[in-house]
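One structure is given below, encoded as structure tokens.
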């Protein structure tokens, strides 16, 4: 049987995947920023009209976001946006400590000058950018991902990206309730500087412990912000 040309075999799937990616990114952004509120129901029909696409890429986008724990597909033609949950937040950071702690220990033993230079550049960007959730999260992940780049396999990266997306949702929606004082911001920046200095001297255990302490601090801040948000909602 004659084989189809490469272009005829791949042109339609590439276009389809690209469309699904765009719908997924747009829908995720709307949920992360709170434009679509936690606990609300979203209609597939309305999303098709909003993005001017058929139901196929919308359904696939919702399936992807369901795998990230952001939405739950419901019988019929709708999905439910996940509510913010203290238990879920605890689970996210429990898994992050397990995976990132192990990777940090490995990375602390094998850090290269090239990665250190990239991480230093990423840290400078993190320090200098506007403290806005989307740009802040991107710069923050760039720094952490650079430090783990040489020891992070494809499976590690896929799982961590899911956990990072999940954590980012809490950061975006709780940003207004987080302590944004100059002292607190400087403390967070200093935690990253400490990580970089420990990586430079290849103190693997110290690097791992500092990494986990940093995750603990982030989790505690988000839990406090979530509790404050709940208190405001209850009083209303």
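The numbers here are math on the coordinates, done by the rules we state, and not lab data. Bear in mind the structure is a predicted one, so any value in this text is a computation, not a measurement.
By how many nm would the segment from residue 229 to residue 45 grow when fully extended, if each residue of separation counts as 0.36 nm and the alpha-carbon distance is taken off?
Numbers: separation 184, 0.36 × 184 = 66.24 nm, distance 3.13 nm.
Between residue 229 and residue 45, full extension yields 63.1 nm more.
Taking the helices alone, the chain has a mean residue ellipticity at 222 nm of -26000 deg cm²/dmol, built from -39,500 (n - 2.57) per DSSP H run of at least 4 residues and averaged over all its residues. One Cα centroid belongs to the range 16-67, the other to the range 177-236; the line between them spans 31 Å.
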